[in-house]
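A.B. asks: Below you will find the structure I want to go over with you.
Taken together, the values in this text are just the output of simple stated rules run on the coordinates, not laboratory data. The structure displayed is predicted, hence computed values, not measured ones.
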Amino acid sequence: MTDKLLLPLILAPVIIIAIAAVVFLILRSDGPEEYEVGLTAVATLESPSGEAMGSVTFRQAAAGVLIMADVRGLAPGGHAFIVHETGACTPDFEAAGDHFNPEDAEHGFVHSAWKRDDSGGHGGDLPNLYAHSDGSARADFFTVGIALDRGPDHSVFDADGSAIIVHEKPDPYGEEEADTGARVACGVIRRG
Ligand SMILES: [Zn+2]
């Protein structure tokens, strides 16, 4: 057998393996999950003493969820704004449990990056809200950390539902030990 024949014989399996690898990667990354675009949900916020503090509206988009907050009655300044794992605000706001965390990730956008954990934080972690001097805050967020469909692991409509909470202090996003203070507003996320 000459060298001219040997080379293609050696290369053939390499090429076949390379093609198989490319096909495998394409099949694995066939885009985001299919969501039911247009699904909506709403959380009506209350203070610990039951006063109305505005609402949060959720809208499922093709690649994530649009969250629109319209809050009042806050102390001026920054407030952590986080989806919690249980759909309950009674008997007190502790009933909402910890941060919604379907991926068993570390808290905070910065913390997770700093630890070289590519999770990007808890599914329920959101940017802070900043209240004006009159106590009102409006903000829109887009997140891939939650879904309104019932199927995905990161659906807020899992067996025990989810709630959204406004905290007393801003979230340092995990750069330091998170102390976001008291839970000042809570709302169970319900189908809109
Ligand atoms: Zn968190």
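A.B. asks: Ordered by residue, what ³J(HN,Hα) values in Hz, to whole numbers, does the stretch 64-75 give under the Karplus form 6.51 cos²θ - 1.76 cosθ + 1.60, where θ = phi - 60° and Gly and Pro are x?
C.D. replies: My calculation for the stretch 64-75 gives x, 10, 8, 10, 10, 9, 9, 10, 9, x, 8, 5 Hz in order.
A.B. asks: For ALA147, what residues show an amide H to amide H distance below 5 Å, using hydrogens built from the backbone and excluding near sequence neighbours?
C.D. replies: It is SER155, VAL156, by chain and number.
A.B. asks: Here's something else I'd like to know. What fraction of the Cα pairs in the stretch 50-142, stated in percent, has a spacing above 18 angstrom?
C.D. replies: On the way: 2354 of 4278 pairs.
For the stretch 50-142, the share of Cα pairs beyond 18 Å comes to 55 percent.
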